[in-house]
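A quick write-up on the structure given underneath.
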Amino acid sequence: MQDLLERYPDHRPLFLNVAQGGIYETPTIAHTVLGSCVSVTFFVPNRGMAAIFHALLPRAEEYRLHEPDPSPYKFVDTAIRTLFARLERRGVSRYEIECKVFGGASALFAEEMSVGRRNVETAFTTLSELGLRVAASNVGGERGRKIVFATGTGEIFVKFLSNPAFLGGR
Amino acid sequence: MPRVLIVDDSRYQRHLISQALGQAFSPDQAADGREALALFAAALDIGAPYDLVVMDILMPELNGHEALAAIRRLEAEHGVAPDKVVPAVMLSSLDDPGNMLRAQFDSGAQAYVTKPFTPGTLLEALMTLGLVENPFGEDDVEAGDPCKIF
C-alpha cells in the first residue's frame with residue numbers, strides 16, 4: 001500500500017468504509033476492502049472527475065422496513081443511481097463514464113444466490129438500465145479483495161486477501 | 001516464459017490481444033472453443049499447462065462459456081486443485097449483465113473485460129490475477145477493516 005501511495009504523491013489517501021462513497025474532483029487514492037460487498041468505480045477521463053462507493057446489500061427496497069436509510073451508499077442500486085445523478089448534475093454524459101465493478105465474493109458452499117452474487121447482479125443490472133458501460137469487472141470467487149482507485153488517472157489496483165478471517169462467513 | 005492461450009474467432013482481435021500482452025507471454029492461438037479445448041488438453045497431457053487463458057464468448061463450435069467450463073472439467077479430471085486452476089479472462093463485446101455474471105460465477109472466469117478494450121485495462125485485470133507485476137506491497141489487510149464474506 002505504501003508503494004502505491006508513493007506512486008501517486010499528488011493524491012490524498014482516503015479509506016472508504018461500508019456505506020460510504022462520493023465524487024472526487026481532486027486526485028484521491030480511494031481504498032477499501034471488499035468481501036461480499038461491491039464497489040463500482042466511475043471515471044470521467046477528460047474532466048478529472050471520478051466516483052466510487054462501497055455498498056453492503058443489493059437493493060434498497062428489499063431492506064427498508066420503516067424509513068429510508070440515511071446513506072444511499074449502503075445499497076448497490078441506490079449508490080449507483082445517486083452517483084450517476086450527481087455526475088449528470090455536473091454536466092457529465094453517460095457516454096463519458098467508464099465503470100468497473102469489484103467484489104461480491106461468496107463463502108465456500110454458499111447458496112446459489114449468495115449476497116455477493118446478488119450484489120454483483122444488482123450492480124450489472126442497474127448500470128445497464130442507466131446505459132452505463134462496464135469496461136471491466138473482477139467479481140465473485142471465495143476471497144475478499146483490497147482495491148485501490150487512483151481517481152486522477154482512473155487506475156485500479158486489486159489484491160486478493162489471504163487472511164483467513166476474510167475467507168469464511170459471518 | 002508464461003504461456004497464454006488466446007481464443008477468439010477474429011484473427012484481428014487475437015493480434016490485438018497478443019500485442020497488448022507484449023513480450024511477457026508466449027502465446028498460442030485458437031479460433032474457436034473446440035480448438036482451444038484441444039490445445040488446452042494437449043498442454044495438460046505434456047505437463048506444460050497454460051498460465052493464462054483469454055477467451056472470447058461469441059465463437060463458432062463451442063462458445064466461450066462452454067469452452068471455459070469444459071476447460072475447468074478437464075483440469076478437475078487431471079487433478080488440478082480448485083485454487084490452482086489457470087486464471088481466465090473473458091474478453092467479449094457482450095456487455096450485458098447476464099454474460100458478465102455467468103462468466104465469473106458459473107463459467108469459471110476470474111475477470112471480464114469488454115471490447116473494445118485498451119491494453120491498460122487488460123493488463124490491469126492481469127495485475128489483479130498476479131500475472132503481471134502488482135505495485136501493491138506485501139502488506140495484507142489492516143486490522144479493523146470492516147468487510148466480511150457472508
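Worth a mention:
- Flag for A:Ser39 being within 28 Å of B:Val86 (Cβ to Cβ), out of contact with any Pro (no Cβ under 6 Å at 6 or more places or on another chain), touching a residue at least 40 places away in the same chain (Cβ under 8 Å) and surrounded by fewer than 22 Cβ atoms within 10 Å (Cβ to Cβ): no
- In segment A:121-140, the residue that is surrounded by the most Cβ atoms within 10 Å (Cβ to Cβ) out of those that are more than 7 Å from chain B (Cβ to nearest Cβ) and outside any loop (DSSP other than H, G, I, E, B) is A:Ala123.
- The combined condition, being surrounded by fewer than 22 Cβ atoms within 10 Å (Cβ to Cβ) and not aromatic (Phe, Trp, Tyr), is not fulfilled by A:Gly103.
- From the list B:Ala125, B:Ala70, the lone residue that is surrounded by 23 or more Cβ atoms within 10 Å (Cβ to Cβ) and at pLDDT 90 or above is B:Ala125.
- So A:Lys146, is it within 8 Å of chain B (Cβ to nearest Cβ) and under 23 Å from B:Val132 (Cα atoms): yes
- The single condition among (1) crowded, with 22+ Cβ neighbours inside 10 Å; (2) modelled with pLDDT under 90 that A:Arg145 does not satisfy is (2).
The values are calculated or read from the model by the stated rules, or taken from the named source; none is laboratory data. Computed from a predicted model, the values in this text were never measured in an experiment. When we count neighbours, we look across all protein chains shown, and the Cβ atoms used for this are built from the backbone with ideal geometry, even at glycine.
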